[in-house]
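> Supplied in structure tokens, the structure appears directly below.
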């Protein structure tokens, strides 16, 4: 058995770093003024007054952050970052004068949309997918994102889904990657009758158990043109039996009852929720299931917002994510998503900040991330305010796209 005294000595031996001169610090709940952060190893030891001394301890390294705004490392809790190919044709079609009636679902039904990306992703090697994913993660890191969830779902066969997940895991570096198996849609030509039933059984009995070692969670797209409520129930049951966390794409295109089902299964999150009803909201509130709001998809699909006021009143925790994908939300900037959540969905500034930090971490089951304080992960993002602006945390929301990060720390190591 491990020795508690030895563990304490090991912690004491870890190097100490103080980041000084922070003008404003958002700790995941509130703002602190003129503070410093003390780091030991991969953890935060304290938030102190900026004039704190280090007790004459020469072992403490000091890093200056004069006038910077400090945040917990941002958490993007819903993305489809690993893919190949382009969906620019779908975009042009939707915004053309003759394509005004084209919808996400109608394009999917004729073999476009997700199926376009599936074809390109099946053609890509692990190395090619890794290069693409790494470049996208670098863009996210530059805006202060230190943890990203990446879903599979653009393979729709075991071989390609495995390549996607291997590429996502290989892309982890300064950015921590959490991988999720996504039951996305049925392969083209296998969505009816006996072919549908056969594919569904493959998913349950072969794909899920084979890919379980590569993921921490399973997600299901339950909607028109995707998986039914009964199929979603079976997938969630199988995922839980494999010891995996669960999420659901719920109530986006049509109301299906998926949010309430997700809550009954103890899902970490139900995502999208444009068409959630009162029963779904009540179920999520009772279960503590996080509502992940995806304003990029809502905007690109010209959709109506989810009932944020009702979610707020019920006490459902709300997270915000990019839903980065090549079709319905080609948005890599989490700050953009946070600002859009305020402007198009009605979140307050505080809710948006919590949504990309603490609540986003809760949506991934990570209580060590998304906040700063004694015992938290030393994941930190520091920003200068825009020229001429005060160092208020909210100014990063006011300017669409936020600001490039001046410093980023992951696990106590400075990576920018």
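Please treat every number below as a calculation from the coordinates, not as lab data. A quick note: this is a predicted structure, and the numbers were derived from the prediction, not measured. Note that we place each Cβ from the backbone using ideal geometry, even for glycine, and neighbour counts take in every protein chain shown.
> Where does the chain land on Rg/Rh, using Cα atoms and the Kirkwood Rh?
That ratio equals 0.99.
> Determine one quarter of the surface area of the Cα convex hull of region 300-415, which equals its mean projected area, and express it in nm² to one decimal.
Averaging across all directions leaves 8.5 nm² for the Cα convex hull.
> Ranking 69, 47, 356 by Cβ neighbours within 10 Å, fewest first, what do you get?
In increasing order of surrounding Cβ atoms, one gets 47, 69, 356.
> To continue, here is another question. Roughly speaking, what is the stretch gain from residue 309 to residue 241, that is 0.36 nm per residue apart minus the C-alpha to C-alpha distance, in nm to one decimal?
Contour length minus Cα-Cα distance gives 21.0 nm.
> In what sequence do 78, 33 fall when counting other Cβ within 10 Å, fewest first? If you can, show how the numbers build up before the last one.
Values: 78 31, 33 11.
Listed from fewest to most nearby Cβ atoms, that is 33, 78.
> Here is a follow-up. Normalising by the residue count of the chain, find the relative contact order in percent from Cα pairs under 8 Å and 6+ residues apart.
It comes to 19 percent, rounded to a whole number.
> Here is a follow-up. Residue 138 to residue 343: FRET efficiency via 1/(1 + (r/R0)^6), r the Cβ-Cβ distance, R0 35 Å, to the nearest 0.05?
0.80
> In a Gaussian network model over the chain where Cα atoms closer than 10 Å are linked, find which of 219, 90, 76 has the largest mean-square fluctuation.
90
> Can you sort 318, 284, 164 from fewest to most other Cβ atoms within 10 Å of each residue's own Cβ? Mind showing how you got there, number by number?
Working: 318 23, 284 27, 164 32.
Starting with the residue having the fewest Cβ neighbours, the order is 318, 284, 164.
> Also, quick follow-up: Report, to two decimal places, the Cα Rg of region 179-273 normalised by 2.2 N^0.38 Å (N = number of residues).
Details: Rg = 12.3 Å, N = 95, 2.2 N^0.38 = 12.4 Å.
The reported ratio for this selection is 0.99.
> Quick check on the chain: of the DSSP beta bridges with both residues there, what percent are antiparallel, nearest 5%?
Antiparallel bridges make up about 40 percent of those DSSP assigns within the chain.
> Could I ask something else about it? Could you check the simple spin-label distance between residue 188 and residue 88, using points 7 Å along Cα→Cβ, in nm with one decimal?
Placing both labels 7 Å beyond Cα along the Cβ direction yields 2.0 nm.
> For n ≥ 4 DSSP H runs only, could you compute -39500 (n - 2.57) per run for the chain, divide by its residues and tell me the 222 nm figure to the nearest 500? Mind dumping the intermediate values first?
Working: 17 runs with 144 residues, N = 416.
Rounded to the nearest 500, the figure is -9500 deg cm²/dmol.
> With each pseudo-label sitting 7 Å past Cα toward Cβ, what's the residue 416-residue 196 distance in nm, one decimal?
Going by the 7 Å Cα→Cβ label model, 4.5 nm.
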